[in-house]
Amino acid sequence: MRLWNTYREVASIAITRRISVMSSAKAFICPPTWIRRKKWPKPPPVSGGTFSIVDLFCGCGGLTLGAWEAARANNRRLKVKLAIDTCGDALAVYRANFGVSKKTAREIDIREVFPGKLGSRPQAVELTAVRKAGKVDILVAGPPCQGHSDLNNHTRRKDPRNGLYLRVTRAVELLRPGIVLIENVGAVIHDHSNVVARSVEMMQSIGYTVATRIVRASTLGLPQRRKRHILLAVRGADWNVADAFPTDDQQPVPISDYLADIEDEPEHRTEMFRTPSRMTLRNRKRVEYLFKRDAYNLPNKHRPPCHENGHSYISMYGRLHWDQPAQTITTGFGSMGQGRFVHPTRQRVITPHEAARIQGFPDFFDFSGARTRRSLQDMIGNAVPPVVAAWVLALRFPRAQPE
């Protein structure tokens with residue numbers, strides 16, 4: 001495989017990482033300097049070649065952005081062949097950032113595109129999708145994780161949405177991409193229908209080398225305690241797939257590294273993206289209590305009645321620590337009642353801009369296509385941090401011929 005100068009530099013840094021406390025993720029892929037960029041980095045020349053990508057459950061494009069940056073690090077461009085989601089606002093953001101049309105980034109249920117059972121003959125609609133996609137180098141996906149989440153106390157492990165994971169596997173079976181990356185919550189391995197095990201078995205049966213791992217966002221250089229299950233598969237791999245995952249020796253990154261330059265942004269900006277959600281009078285008093293006492297956890301007596309007699313939700317109504325990573329960013333980051341989302345130095349909850357940075361989205365990524373605060377919070381909270389794809393793909397890109 002051709003080794004570009006950037007590849008050699010990255011490999012050198014990765015080796016150095018094992019004897020240093022510095023994160024290679026911070027050092028070479030999506031570091032804070034990249035996060036603070038106001039303009040898109042200049043793409044490599046077309047002569048460098050192109051990698052093609054399919055993004056299923058694409059949302060606003062976290063995984064595609066990570067693949068785009070990994071391709072750039074390898075002196076390649078990225079071409080989106082197909083992106084699928086059911087959220088119109090998220091797709092509008094995706095299209096605007098990656099310059100693709102509605103025919104490429106489609107608002108459609110994946111079950112309408114890849115409806116066939118694993119191992120069955122392709123249906124007509126599936127053959128149409130295969131023809132339109134053509135040769136696919138990379139397939140990424142972040143199937144809805146709510147059905148597997150430990151926060152889902154009603155249908156966990158048997159949620160109908162869990163089957164969407166297998167729709168990704170069906171797409172892999174038909175498209176035969178060079179590399180596959182699927183992200184989900186850690187609890188996906190406990191799904192009642194064994195979607196991960198079935199997916200691994202299917203991919204291995206058609207010639208993929210597969211590895212899975214629980215990855216902590218902090219090991220990738222993000223200031224977040226997020227933990228996610230990653231499935232990585234490579235067709236005809238000539239390298240150890242498991243080596244693409246980071247080790248767990250990374251020092252935690254504080255949110256101050258990512259937020260220090262924008263903590264006063266809401267005081268002079270009015271855009272929805274740069275201002276916090278409004279709090280009720282009761283919640284404003286709760287925030288005042290935390291700051292007056294330099295506290296980070298709210299006592300039960302100041303919580304809603306349902307919390308006063310004991311609970312396990314310590315982080316809810318809590319304040320973030322400036323010198324520590326944030327908790328997992330969810331769609332509820334606009335409410336202090338849905339997690340530890342009170343800003344550590346300002347009496348407010350974090351803004352969408354701050355949440356996006358904690359998720360690893362750079363300032364040049366345009367979220368203006370979001371029409372409501374709810375849809376903005378949903379697309380940021382549901383997104384897969386770009387560095388997940390960037391880290392895994394930067395060193396271990398699939399072999400591909402320039403188009």
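Every number in this text was worked out from the coordinates using simple rules, so none of it is lab data. None of the values given here were measured: they were computed from a predicted structure. Neighbour counts run over all protein chains shown; Cβ positions are idealised from the backbone, glycine included.
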Self-check item: Ratio of the Cα radius of gyration of the stretch 256-382 to 2.2 N^0.38 Å, where N counts its residues
Solution: 1.03
Exercise. Rank the residues PHE333, PHE364 as a footprinting-exposure proxy: fewest other Cβ atoms within 10 Å of their Cβ go first.
Key: PHE364, PHE333
Quiz item: Gap in Å between the Cα centre of the stretch 330-346 and the Cα centre of the stretch 250-318?
Solution: 5
Quiz item: Of LYS38/LYS79; LYS38/LYS227; LYS79/LYS132; LYS42/LYS79; LYS39/LYS132; LYS103/LYS135, which pairs sit farther than 24 Å apart, going by alpha carbon to alpha carbon?
Solution: LYS38/LYS227; LYS39/LYS132
Practice problem: Just the Kirkwood number for the stretch 216-294, please: inverse of mean 1/r across all distinct Cα pairs, in Å, one decimal. | Solution: 16.9
Quiz prompt | Euclidean distance of C-alpha centroids, the stretch 349-378 and the stretch 83-104, integer Å | solution = 16
Quiz prompt | Residues PHE365, PHE114, sorted so that the one with the fewest Cβ neighbours within 10 Å comes first | solution = PHE365, PHE114
Quiz item: Ranking ILE255, ILE350 by Cβ neighbours within 10 Å, fewest first, what do you get?
Solution: ILE255, ILE350
